[in-house]
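Written out below as structure tokens is the structure these notes cover.
The values are calculated or read from the model by the stated rules, or taken from the named source; none is laboratory data. Quick caveat: nothing in here was measured; it's all calculated off a predicted structure. Cβ sites come from the backbone with ideal geometry, for glycine too, and all protein chains shown count toward neighbours. With ligands, DNA and RNA removed, areas are computed over all heavy atoms of the protein, side chains included. Shrake-Rupley method; radii C 1.70, N 1.55, O 1.52, S 1.80 Å.
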Amino acid sequence: MYDNTCKFLAETFPTDFATWLLGKPIPLTQLKPSELSLEPIRADSVIFLQSSAIILHIEFQTEPVEEIPFRMADYRLRLHRKFPQKEIQQFVIYLTRSDSPLVFQTSFEAGKLTHEFNAIRLWEQPTEIFQQYPGLLPLAVLTQTDNRIQTLTEVAKQIDNIEDRRIQSNVSAATAIISGLALKKEIIQRLLRSEIMRESVIYQEILQEGEAKGIAKGEAKGKAEGEAEEKTRIALNMLHSGIAIDLIAQLTGLSLEEIQKLR
């Protein structure tokens, strides 16, 4: 959920991310992973943004993963094969503080092959940068702040000042989700306006996903209950026919105790 929310922010506010990562507000459009050949792209936390001259590849991680260096080298070669003339910049962005040496890795080596990429640890980033752009506001709580609650309070005020209602709702919902990595739910609910979040694309997607899971759970429960009822009906018919209890248990899967209750 956190990785996908960050990915949504990068897709929705590509210029804000370009300003932060590349140092200039380059207009970028999304590059679909399907445009790259070979093995399928791991699409949950990876995003590719492109202009006519540059490709920005970002991967968000809540936890360090050993395969990241290889994956960055793999994506780099795929991108070069497809777009040999374009500059390619790669960033792994770690969301939660970790002392693992993996979050400091910035290269992949295999024999004489060496590939370098950028690793950003959000907890080392100055908070002020993230308070300057709406697309970066949701990440501010995870940055180098001495007071996360105060930072979220300031972010909430900035969100309230966003005039575009759609942008306001999306930024608010993303802030609520990502802040969950650092703050308790009660604090987030107190500082962010829930009525604005409900209008966001992120909230609606989560709601739809929850409804889908609820339907699937309900269908599974209904099926299980139906199977149990069918077993009970068959066991009752067998009892009426005088079939031995142990044989009924063997044929229906019901326990001896359950069949005794049916009697």
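Looking at residue 195, is it part of a helix (DSSP H, G or I), surrounded by fewer than 10 Cβ atoms within 10 Å (Cβ to Cβ) and modelled with pLDDT under 90?
On the way: part of a helix (DSSP H, G or I): yes; surrounded by fewer than 10 Cβ atoms within 10 Å (Cβ to Cβ): yes; modelled with pLDDT under 90: yes.
Judged against the criteria, residue 195 is a match.
Restricting attention to the stretch 15-54 and to residues that are open to solvent by less than 50 Å² (accessible area, probe 1.4 Å) and of a type in the set (S, T, N, Q), the residue that is modelled with the lowest pLDDT turns out to be 45. Can you pull out the residues in the stretch 99-110 that are farther than 22 Å from residue 123 by Cβ and open to solvent by 80 Å² or more (accessible area, probe 1.4 Å)? Result: 109, single match.
The residues on offer are 5, 12, and the sole one that is modelled with pLDDT of 90 or more, buried (at least 18 other Cβ atoms within 10 Å of the Cβ) and over 24 Å from residue 85 (Cα atoms) is 12. The residues of the stretch 156-195 that are within 21 Å of the chain's Cα centre (by Cα) and of a type in the set (Val, Ile, Thr), listed by number, are 167, 171, 175, 177, 178, 188.
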